[in-house]
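Q: Here's a structure for you.
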Amino acid sequence: MKITDVRAIHLALPTIAKRSDGTQDALIVMVTTDAGITGVGEVDSSPLVAKAAIEAPMSNSITSGLREVVLGKDPLEIERLWHDMYQASRYAGRRGLFIHAMSGIDLALWDIFGKATDLPVHTLLGGAFRRKVRAYASTLFGDTLAATADRARWCVDQGFTAVKFGWDPMGQDAKYDEQLVAAIRGAVGPDVDVLIDAGQVWDAKTAIRMAHRFEAYDLYWLEEPLRPDDVAGYAELARAVPTRIAAGEAESERHSYTHLMDTGRIDVVQIDPTRTGGLTEAKKIAWAAYDRGRSVVNHSFTTDINVAASLALLAAIPEAPLFEFCVEDSPIRNQLVRNRFEVVDGHVHVRDDPGLGVEIDVDVLERYAVGV
Ligand code: MG
């Protein structure tokens, strides 16, 4: 089997609001083969820039767009192609955007592998340790305390046993930040897990103070309280507070993650297969985390392609306490895939369709495609 084309399709809502909401656009990657099998992947990044990283022509032997690297190659040689893409882009890549772009191709290759062998990707990754993962509802803070509390109650009404709120306006006013957390805890009662995503806002001393302030509300974890590069700050925070600290969505590829784990001492390692270098790299990071006694969860704030890849990953590792399930109301997030993953009794359930097992709704793809 040979790869015949790689297409990167930019999707966007007609209006993009300035808020921390990754569901407003997407980059979908389609890899076609001479066997008639098409694999689908996704990139959560700056879509047009990642598209350029895929489509750019070669500048020299260590500066190439990714499409050129894989064209004509056997799509089942996934590890080798990952290495080839990494090496061929290393002058501009190695971290960040090129790794994001590689993720989309890598996921499409796993999808092809599954479709070619009639096996689900979790089997190809080594086998499912579980058939379901407890989901947490992931959303943004409301505009008011009351709206935030209403949203928390709505999540519980949907059957979630854990809820996460994040980003704006956290970090602007310590008193209001505490009121937000109190409102959520008050709305969901004592038996639902509450997670807070601060959104990269504090220095270490402030984060330590805020984590202590939040202790009264019994958080399951505090996520990304610090700027991603403040790894020394993460270490200071981890030493100073009993609350679990979660991070990782700002990282790409394994060296960045092991630095955050070994120097930053984070407790919960958040892996996004559409950003970390696909499932090939995500699996390595997940097992590195397991070996260090850390929890692994997904980061998923885009479409059900991401959900399918995340679920394959979390199924195929020994421990997976929670699954991030975005409940933002975006048509790109909610309509692109026909056979959506639903939360039933608070859990996302593993499916056995070949590959990633997602059916793209072509009408929705075309409706939100930009420049096609
Ligand atoms: Mg987050």
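Just so you know, all these numbers are worked out from the coordinates, no wet-lab data involved. Keep in mind it's a predicted model, so treat the numbers as computed, not measured. Using ideal geometry, Cβ is built from the backbone for each residue, glycine included, and neighbour counts are taken over all protein chains shown.
Q: So for the chain, averaging the separation of alpha carbon pairs under 8 Å that are six or more residues apart and normalising by length, what relative contact order in percent results?
A: Values: 837 pairs, mean separation 76.8, N = 372.
Worked out over the chain, it gives 21 percent.
Q: What angle, in degrees between 0 and 90 and rounded to the nearest 10, separates the Cα long axis of helix 278-291 from the longest principal axis of the Cα atoms of the chain?
A: In the chain, helix 278-291 runs at an angle near 40 degrees to the longest axis.
Q: Give the angle, between 0 and 90 degrees and rounded to the nearest 10, that separates the Cα long axis of helix 145-157 from the longest principal axis of the Cα atoms of the chain.
A: The answer is roughly 60 degrees.
Q: Taking neighbour Cβ counts within 10 Å as the exposure measure, how do 294, 244 sort from fewest upward?
A: Details: 294 21, 244 17.
Ascending Cβ contact count within 10 Å gives the list 244, 294.
Q: Just in segment 129-158: which chymotrypsin sites (Phe, Trp or Tyr not before Pro) are loop by DSSP and have at most 15 other Cβ atoms within 10 Å?
A: On the way: sites: 129, 136, 141, 154; in loops: 129, 141.
Here the sparse-neighbourhood loop sites are 129.
Q: How much space per residue, in cubic angstrom, does the convex hull of the C-alpha atoms of segment 290-372 take up?
A: 122
Q: Next up: Could you compute the net charge surrounding residue 357? Neighbours are other residues with a C-beta less than 9 Å from the C-beta of residue 357; K and R count +1, D and E count -1.
A: -3
Q: Could I ask something else about it? Can you check what the net charge comes to around residue 174, using other residues whose Cβ is under 11 Å from the Cβ of residue 174 (Lys, Arg +1; Asp, Glu -1)?
A: Taking every other residue near residue 174 into account, the sum is 0.
Q: Could you list 258, 263, 139 so that the one with the fewest beta carbons within 10 Å of its beta carbon is first and the one with the most is last?
A: Least to most surrounded, the residues fall as 263, 258, 139.
Q: How do 272, 345 line up, fewest other C-beta atoms within 10 Å first? Before the final figure, lay out the partial values.
A: Details: 272 27, 345 10.
Ranking 272, 345 by Cβ neighbours within 10 Å, fewest first, gives 345, 272.
Q: Shape of the chain from its Cα gyration tensor (a ≥ b ≥ c, root eigenvalues): rounded if a/c is under 1.5, otherwise prolate when a/b > b/c, or oblate?
A: Working: a/c = 1.72, a/b = 1.52, b/c = 1.13.
Here the chain falls in the prolate category.
Q: Using alpha carbons only, how many angstrom separate the centre of segment 182-220 from the centre of segment 303-330?
A: 23
Q: Using just the helices of the chain, give the 222 nm mean residue ellipticity in deg cm²/dmol: DSSP H runs with n ≥ 4 each add -39,500 (n - 2.57), and the total is spread over all residues, rounded to 500.
A: Values: 14 runs with 146 residues, N = 372.
Helix-only estimate at 222 nm: -11500 deg cm²/dmol.
Q: Quick check on my link table: of 115/283; 73/115; 18/283; 18/132, which ones sit more than 23 Å apart, alpha carbon to alpha carbon?
A: With Cα atoms farther than 23 Å apart: 18/283; 18/132.
Q: Whose amide H sits under 5 Å from the amide H of residue 347, counting only residues 5 or more places off or on another chain, with H placed in the peptide plane?
A: For residue 347, whose amide H was placed from the backbone, the distant partners under 5 Å are 135.
Q: On C-alpha positions alone, give me the angle between the axis of helix 231-240 and the longest principal axis of the chain, in degrees, nearest 10.
A: For helix 231-240, the angle is close to 40 degrees.
Q: Within straight cross-link reach of residue 2, meaning Cα distance under 16 Å, which aspartates and glutamates are found once same-chain residues fewer than 8 apart are removed?
A: 34, 68, 74, 77, 79, 84, 106, 111
Q: Just to confirm my numbers, what's the Cα centroid distance between segment 75-127 and segment 1-64 in Å?
A: 13
Q: Tell me, how many Å apart are the Cα centres for segment 236-260 and for segment 337-366?
A: Computed from Cα coordinates, the inter-centre distance equals 30 Å.
Q: Only Cα pairs under 8 Å and at least 6 apart count here; give the relative contact order of segment 236-372 as a rounded whole percent.
A: 18
Q: Separate question: Please compute the net charge surrounding residue 43, taking Lys and Arg as +1 and Asp and Glu as -1 over other residues with Cβ under 9 Å from its Cβ. Present the calculation step by step, with values, prior to reporting the outcome.
A: Numbers: positive: 51, 275; negative: 42, 44.
Local charge sum for residue 43: 0.
Q: Of 226, 105, 259, which is farthest along the charge dipole of the chain in the positive direction, counting Lys and Arg as +1 and Asp and Glu as -1 at C-beta?
A: Value: 259.
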